[in-house]
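The values are calculated or read from the model by the stated rules, or taken from the named source; none is laboratory data. Note that the structure is a prediction, hence the values are computed from the model and not measured. Heads up, the Cβs are rebuilt from the backbone with ideal geometry, glycines too, and the neighbour counts pull from every protein chain shown. Only protein heavy atoms, including side chains, enter the accessible area calculation; ligands, DNA and RNA are left aside. Shrake-Rupley method; radii C 1.70, N 1.55, O 1.52, S 1.80 Å.
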Amino acid sequence: MSFTAAEQAAMARALELAATPGVPLGPNPRVGCVLLDDTGATVAEGHHRGAGSPHAEADALARAGERARGTTAVVTLEPCAHTGRTGPCAVALRDAGVRRVIFAQADPNPVATGGAALLREGGVDVESGLMLDEARALNRVWTWAVEHGRPFVTWKFATTLDGRSAAPDGTSRWISSRAARLDTHRLRALCDVMLVGANTVAVDDPQLTVRDEHDRPLPRERQPLRVVMGERDLPATRRVFDDLAETVHLRTRDPETALKTLFARDRQHVFLEGGPTLAAAFVGAGLVDEIVTYVAPMLLGAGRHAVADLAITTIADALRPVVTDVTVLDGLDGEEPNVRITMKPEGDH
Ligand code: AOF
Ligand code: ZN
């Protein structure tokens, strides 16, 4: 496997195109494509702009027209072989007379895979693996979700120094600083589901929208889906049922069932925000993939914990997530700093 300098530069450019600002994070992967002539000069560029729009290869081919014949297509993802919302890219490349195809990441989606084989059968020279790590990182959550057949789960909670997430009377506004809350909204905006338990909705009545730095909710179409999990009935007057964002009530307490349902609805990144019973169910089932904790310099001495009983009785059995990042969030308007700790589960993940 060897690539020319022009092919390597084209892949770097294709990755850049894939990440064009404004392209949604899901449910489709972000993909870029560059067509090179035999001198290594760029004939056309293209990128995917989200589900329902032309795939990157189709976009580049449309721009190239007849000039696509004899080119090398450099793509960040294996060209698809399926007819989904649009037609199969492998067929389009072959029929346009593309001579060679280089892709970074094989398509992990069982529905779309098979493009490389189809191209080879059509007499096209196919190479892969160039800048694979960068391509996987570009679509980290999509890749993860498609490979595991369920959404990636980020569990977020705010805590005092003594590990409390609410005072004994149930009040929890505000444990974390404004800077930490702003940071939370930034992370929420990267997800496509906000998940809480029915109990949390009944007791705390959270709104679960994503708001900007001026505390204004983002437009409805950019709001993650609000999902309430649990069997109990809820009054329609709860704030999650307002029309600032879409909401569904999943009548199950089983994390696996809920994730399966959400994946079938094209959801790939769940932001789990409470409460303790739901958190314990997900942790206990091994269905938390990332933990984000905001620690505030505050002591309560009593009150609710972030997570309910995990049936651990001795220190040897403690769960020990691996820290991937620690960031101090300086206080705004004279508030004390908070610390954000990001972790992944122990073991290979
Ligand atoms: C490509 N080029 O630019 C993209 C690909 O049914 P669709 O049309 O929405 O296709 C979605 C699937 O196709 C997606 O999950 C992934 O496997 C592949 N995406 N393939 O050749 C592209 N976006
Ligand atoms: Zn395609």
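Points to keep in mind about this one:
- In the stretch 330-344, the residues that are under 15 Å from PRO297 (Cα atoms) form Cβ pairs under 6 Å with partners that are acidic (Asp, Glu), at six or more places apart or across chains, as follows: PRO337/ASP330.
- Residues located in the stretch 206-235, provided they are part of a loop (DSSP other than H, G, I, E, B) and open to solvent by 90 Å² or more (accessible area, probe 1.4 Å): GLU213, HIS214, ASP215, ARG216, GLU231, ARG232, ASP233
Yes or no, residue by residue, for (1) open to solvent by less than 10 Å² (accessible area, probe 1.4 Å); (2) in contact with a helix residue (DSSP H, G or I) (Cβ under 9 Å, 6 or more places away or on another chain); (3) at pLDDT below 95:
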residue: SER2; (1), (2), (3): no, no, yes
residue: ALA5; (1), (2), (3): no, no, no
residue: LEU15; (1), (2), (3): no, yes, no
residue: GLY32; (1), (2), (3): yes, yes, no
residue: THR39; (1), (2), (3): no, yes, no
residue: GLU45; (1), (2), (3): no, yes, no
residue: GLU66; (1), (2), (3): no, no, no
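- Given (1) assigned to a loop (DSSP other than H, G, I, E, B); (2) out of contact with any strand residue (DSSP E or B) (no Cβ under 6 Å at 6 or more places or on another chain), number of the condition CYS191 does not satisfy: (2)
- The combined condition, being open to solvent by 40 Å² or more (accessible area, probe 1.4 Å) and basic (Lys, Arg), is fulfilled by ARG136.
- Within the stretch 312-320, the presence of a residue that is over 18 Å from LEU187 (Cβ atoms), among the aliphatic types (A, V, I, L, M), touching a Pro at 6+ places or on another chain (Cβ under 6 Å) and assigned by TED's automatic domain parsing to the domain that holds PHE157 is excluded.
- Of all residue pairs spaced 6 or more apart or on separate chains, those with beta-carbon atoms under 6 Å, a first member in the stretch 66-81 that is of a type in the set (Asp, Glu) and a second member that is part of a strand (DSSP E or B) are GLU78/PHE103.
- Residue match in the stretch 262-276 (condition: surrounded by 12 or more Cβ atoms within 10 Å (Cβ to Cβ), among the basic types (Lys, Arg) and more than 25 Å from VAL141 (Cα to Cα)): no
- When residues of the stretch 309-332 are limited to those that are within 19 Å of ARG181 (Cβ to Cβ) and in a strand (DSSP E or B), the one nearest to the chain's Cα centre (by Cα): ASP325
Yes/no matrix, rows are residues, columns are (1) over 21 Å from the mean Cα position of the chain (by Cα); (2) farther than 27 Å from ALA18 by Cβ:
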residue	(1), (2)
SER128	yes, no
ASN139	no, no
ARG150	no, no
ALA198	yes, yes
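- Considering (1) of a type in the set (Val, Ile, Thr); (2) within 13 Å of ligand 1 (Cβ to nearest atom); (3) open to solvent by less than 10 Å² (accessible area, probe 1.4 Å); (4) over 24 Å from the mean Cα position of the chain (by Cα), the lone condition that VAL75 does not fulfil carries the number (4).
- Filtered residues of the stretch 290-306 (kept if open to solvent by 40 Å² or more (accessible area, probe 1.4 Å) and at positive phi): GLY301
- Among the conditions (1) part of a loop (DSSP other than H, G, I, E, B); (2) modelled with pLDDT of 95 or more; (3) within 23 Å of the chain's Cα centre (by Cα), the only one that SER176 does not satisfy is (3).
- For ALA64, the criteria (1) of a type in the set (Gly, Ala, Ser); (2) closer than 24 Å to VAL23 by Cα; (3) within 11 Å of ligand 1 (Cβ to nearest atom) hold in every case but one, which is (3).
- Residue match in the stretch 117-126 (condition: modelled with pLDDT of 95 or more and within 14 Å of ligand 2 (Cβ to nearest atom)): yes
- Total residues in the stretch 78-102 satisfying the condition of being away from ligand 1 (no atom under 13 Å from the Cβ), under 16 Å from GLY32 (Cα atoms) and of a type in the set (Asp, Glu): the figure is 0.
- For the condition in contact with a Ser or Thr (Cβ under 8 Å, 6 or more places away or on another chain) and either without any contact (Cβ under 8 Å) to a residue 60 or more places away in the chain or more than 13 Å from ligand 1 (Cβ to nearest atom) (or both), ALA158 qualifies.
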